[in-house]
Amino acid sequence: MLVVVGLGNPEEEYGGTRHNVGFRVLDVLAAECGEEFGRSRFESRVAEVRLGEEKVLLLKPQTYMNRSGRACRAALAFHKLEPEAMLVVCDDFNLELGRLRARRDGSAGGHNGLESVISELGTREFPRLRLGIGAARGSTTNYVLGRFGTEEEEVISETIVRAADAVRSWITEGIEACMNRFNAAPTERDEGRGRDSAEETS
């Protein structure tokens, strides 16, 4: 079994905020598998899906962002899994809007949810997938708890779909393949596709 954790805040008022894109990625994955987050375990809403050959536990902690690590620790302990069997999906205001960045491990980078996970697990060595929400303007707290503008929402909606693809890549191919495929900037990726298409048709 593998675990994918989307970070966010639980109440409905936070549903469309920048801080909750992790939840939205998991919603896409569950919907594509015909599953819903109907059960409550590990202080989280959970759904069990099968992606490729793997059974995957999708986890949306309901403890608020700065206590997200409690759910991660509980789920890993129950299933007797090591941290490398868990992918954490979250927002990142240090990345430009629409950018994805997968990493094998690393620091919290100022993200309270990741900081909680690191603290609860006692290690930084777990994979994570960050979705760029753009640089904070004014108060960081107000920014991440704010909603996307109309044009931003168009970008982030497409990014969430790509992030779901990145999660599937991690599950079926591993973190290195995920990093290689999804860490390029959108323009770099599009240019690469253009060159490939040109080569195929020449």
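The values are calculated or read from the model by the stated rules, or taken from the named source; none is laboratory data. Predicted model, so just to flag it, every value in this text is computed and none were measured. Note that each Cβ is placed from the backbone with ideal geometry, even for glycine, and that neighbours are counted across all protein chains shown.
A few remarks follow.
- Subset of region 100-157 (residues that are over 22 Å from Val4 (Cα atoms) and assigned to a strand (DSSP E or B)): Arg147
- One residue stands out among those in region 87-99 that are assigned to a strand (DSSP E or B) and in contact (Cβ under 8 Å) with a residue 60 or more places away in the chain: the one that is farthest from Gly174 (Cα to Cα), which is Asp91.
- Criterion: of a type in the set (A, V, I, L, M, F, W, C) and either within 18 Å of Ala163 (Cα to Cα) or modelled with pLDDT under 95 (or both) - qualifying residue of Phe78, Phe93: Phe93
- Residues satisfying the stated conditions in region 1-21, i.e. of a type in the set (A, V, I, L, M) and either in contact with a Gly (Cβ under 6 Å, 6 or more places away or on another chain) or over 24 Å from Glu84 (Cα atoms) (or both): Leu7
- Residue ID - surrounded by the fewest Cβ atoms within 10 Å (Cβ to Cβ), chosen from residues in region 7-47 that are acidic (Asp, Glu) and under 25 Å from Arg101 (Cα atoms): Glu32
Yes/no matrix, rows are residues, columns are (1) touching a helix residue (DSSP H, G or I) at 6+ places or on another chain (Cβ under 6 Å); (2) more than 17 Å from Ala163 (Cα to Cα):
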| position | (1), (2) |
| --- | --- |
| Met1 | yes, yes |
| Val5 | yes, no |
| Gly8 | yes, no |
| Tyr14 | yes, yes |
| His19 | yes, no |
| Gly22 | no, no |
| Cys33 | no, no |
| Gly38 | no, yes |
| Ala47 | yes, yes |
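- Of residues in region 27-49 being of a type in the set (Gly, Ala, Ser) and more than 14 Å from Gly6 (Cα to Cα), the one modelled with the lowest pLDDT: Gly38
- For Ala164, the criteria (1) over 14 Å from the mean Cα position of the chain (by Cα); (2) surrounded by 12 or more Cβ atoms within 10 Å (Cβ to Cβ) hold in every case but one, which is (1).
- Scanning region 136-183 for residues that are of a type in the set (Lys, Arg) and touching a residue at least 40 places away in the same chain (Cβ under 8 Å) gives Arg147, Arg162, Arg168.
- Search result, residues across region 50-62 that are in contact with a helix residue (DSSP H, G or I) (Cβ under 7 Å, 6 or more places away or on another chain) and modelled with pLDDT under 95: Leu51, Gly52, Glu54
- Count of region 127-152 residues which are of a type in the set (D, E, K, R) and surrounded by 11 or more Cβ atoms within 10 Å (Cβ to Cβ): 4
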